[in-house]
Amino acid sequence: MHAQEKTRNVLIAAQDPRVAGLIEQYLLRTGFAVHCEYNLDAALERLIKARIDLLLLDGEMPEKVLGNFVEAAAKVKPGVPMIAVGVSEREMQSKNLSAFVSAFIEKPFSISDISDSIKQTLN
């Protein structure tokens, strides 16, 4: 990494600590600053207060909870790209959220799927 390159800050808003933990470990090893929030109010608060370059969403959240969170996140930080993990774009379109989400990673997924999506989204 070049000295002038700034560290990218990633916020993971999740309900499943196992999946979020694996993604967090990968991101930390690849040079990202990572924050995991399992409480969506806390995740929104961090999104408001901190510089966040990417928001990773747990697509396994209940539909209404996910929808409300995505819309709230898009309002408080409209420029922050979002990646939904564990859900397809088709499912998100039915939830009217695909307008806010930059990329979708369907199950089953691997760390390389997540890595590729993050690189495409941030570049």
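Values computed for the structure shown
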read-out: Cα-based helix-to-principal-axis angle, 40-49 vs the chain, degrees rounded to 10; value: 50
read-out: Degrees, to the nearest 10: 111-122 long Cα axis against longest axis of the chain; value: 80
read-out: Check: the chain dipole with +1 on Lys, Arg Cβ and -1 on Asp, Glu Cβ, in debye; value: 360
read-out: Using θ = phi - 60° and Karplus 6.51 cos²θ - 1.76 cosθ + 1.60, couplings along the stretch 26-39 (whole Hz; Gly, Pro as x); value: 4, 5, 4, 5, 9, x, 8, 8, 10, 10, 10, 10, 9, 10
read-out: The chain: relative contact order in percent, alpha carbon pairs under 8 Å with at least 6 residues between; value: 22
read-out: Kirkwood Rh in Å, taken over the stretch 17-65 so that all alpha-carbon pairs contribute; value: 11.8
read-out: Under 30 Å, Cα to Cα: Lys pairs in the chain, sequence gap 8 or more or different chains; value: 23
read-out: Net length gained if the chain between N68 and K119 were fully extended (0.36 nm per residue, minus Cα distance); value: 15.7 nm
read-out: Interchain or long-range residues, amide H under 5 Å from C36's placed H; value: I12
read-out: Ellipsoid equivalent to the chain - semi-axes via the Cα gyration tensor, in Å; value: 21, 16, 14
read-out: Between 0 and 90°, nearest 10: helix 63-76 axis offset from the chain longest Cα axis; value: 50
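Rule-based calculations on the coordinates, nothing more; no lab input. All values derive from a computational prediction rather than experimental measurement. Note that we place each Cβ from the backbone using ideal geometry, even for glycine, and neighbour counts take in every protein chain shown.
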